[in-house]
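The structure appears below as structure tokens.
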Amino acid sequence: MRNRITVIAVSVFWLASVGQTAYADQKSWQMATLFSPSSAQMEREEKGRVMIYHGMKDVDVERAMDEQFGRIEAMMFTGTVVTDSTGQPLRDPKTGVVVTEDDGC
């Protein structure tokens, strides 16, 4: 029984770390596309393609508005994470869930 509990615990921690890695990879891909777009990405945007960025921090969205203003028509932000004064995600005090902006959808 003890070995079974150990296997379950290790599995849970492994799955959590894989999920965090997937999120980090998605986040870094979105950040790269937003702040260092390839020439192919720029061409697609010039032809009218809109890129949807999901789950980005509000501070990153604000930075994009300042630094990438000329590309603003090719951007859509959903599920934007609200941050505190240090740039860390705010959590609902009752549920512990990360607070996101209401995107009106």
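Every number here is computed from the coordinates shown, using simple stated rules; none is lab data. Here the structure is a predicted model, which means the values were calculated and not measured.
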**Report entry** Hull volume in cubic angstrom per residue (convex hull over the Cα atoms of the range 28-76)
**Finding:** 68 Å³
Requested in this report: Output ³J(HN,Hα) for the range 49-56: one whole-Hz value per residue in order, computed from phi by the Karplus curve 6.51 cos²θ - 1.76 cosθ + 1.60 with θ = phi - 60°, and x for Gly and Pro.
Outcome: 5, 10, 9, 9, 9, 10, x, 7
Query raised in the report: In terms of Cα to Cα distance under 30 Å, which lysines are near enough to residue 47, apart from those fewer than 8 places away along the same chain?
Result: 27, 57
Query raised in the report: Check residue 100: other-chain or 5+ apart residues with amide H under 5 Å from its amide H, H built from backbone geometry?
Result: 82
